[in-house]
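Single-structure report; data block below.
The values are calculated or read from the model by the stated rules, or taken from the named source; none is laboratory data. All of these numbers come straight from a predicted model, not from anything done at the bench. Cβ coordinates were reconstructed from backbone atoms using ideal geometry, including for glycine residues, and neighbour counts include every protein chain displayed. What goes into the accessible areas is simple: the full protein's heavy atoms, side chains included, and nothing from ligands, DNA or RNA. Shrake-Rupley method; radii C 1.70, N 1.55, O 1.52, S 1.80 Å.
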Amino acid sequence: MTFTNDKAIYIQMADRLCDEILAGKYKDDDRIPSVREYAVLLEVNTNTAVKAYDELARAEVIYNKRGLGYFVKPGAREQILAERKREFVEQHLPEMFRQMKLLGIKKEEVCNLFDTANV
């Protein structure tokens, strides 16, 4: 994984795990990689991975079963989806709309681009 400078690494790690939950790699009550496994996979310090997992546990996205590891909390996918949608609407759309007005881009143009995008 390539990390950026705009967010702390542990936040980027937490975001990646959330992306994997959204993509269906991990479902409700699925075991996720251990802190050490994830740290090795992403080539980061174990303490950084611990912070990422603590963040996700605080957000109630994952839970710990003592001696067994971390698991995806039931409803986590829907929770992540709702939070990401809220964040997108509040933080990204206003700037996009401002740029559209400045550049004279009509919403119909954006809808056509959206419909033909290979995403």
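Of all residues in the stretch 66-111 being assigned to a strand (DSSP E or B) and touching an Asp or Glu at 6+ places or on another chain (Cβ under 8 Å), which is nearest to ASP19 (Cα to Cα)? Checking each candidate, the answer is VAL72. Here ASN45 fulfils each of the conditions (1) surrounded by 18 or more Cβ atoms within 10 Å (Cβ to Cβ); (2) farther than 30 Å from LYS107 by Cα apart from (1).
Only one of these is surrounded by 15 or more Cβ atoms within 10 Å (Cβ to Cβ), under 21 Å from the mean Cα position of the chain (by Cα) and not charged (D, E, K, R): VAL89, VAL72. Name it.
Among VAL89, VAL72, only VAL72 is surrounded by 15 or more Cβ atoms within 10 Å (Cβ to Cβ), under 21 Å from the mean Cα position of the chain (by Cα) and not charged (D, E, K, R).
A search for C-beta distances below 9 Å between a residue of the stretch 75-89 that is touching a residue at least 12 places away in the same chain (Cβ under 8 Å) and any residue that is assigned to a helix (DSSP H, G or I) and surrounded by fewer than 14 Cβ atoms within 10 Å (Cβ to Cβ), counting only pairs 6+ apart in sequence or on different chains, returns ILE80/ASP19. Just one residue in the set VAL40, VAL50 is part of a helix (DSSP H, G or I) and surrounded by fewer than 14 Cβ atoms within 10 Å (Cβ to Cβ); that residue is VAL40. Test GLN99 against the stated conditions and say whether it is without any contact (Cβ under 8 Å) to a residue 40 or more places away in the chain, of a type outside the set (Val, Ile, Thr) and open to solvent by 100 Å² or more (accessible area, probe 1.4 Å). Considered against the rule, which asks whether it is without any contact (Cβ under 8 Å) to a residue 40 or more places away in the chain, of a type outside the set (Val, Ile, Thr) and open to solvent by 100 Å² or more (accessible area, probe 1.4 Å), GLN99 comes out as no. For PHE114, indicate whether it is of a type in the set (Phe, Trp, Tyr) and open to solvent by 100 Å² or more (accessible area, probe 1.4 Å). So PHE114 fits the description; yes.
Looking at TYR63, TYR26, can you tell me which residue is open to solvent by less than 100 Å² (accessible area, probe 1.4 Å), at pLDDT 95 or above, assigned to a loop (DSSP other than H, G, I, E, B) and among the aromatic types (Phe, Trp, Tyr)? When all the criteria are applied, what remains is TYR26.
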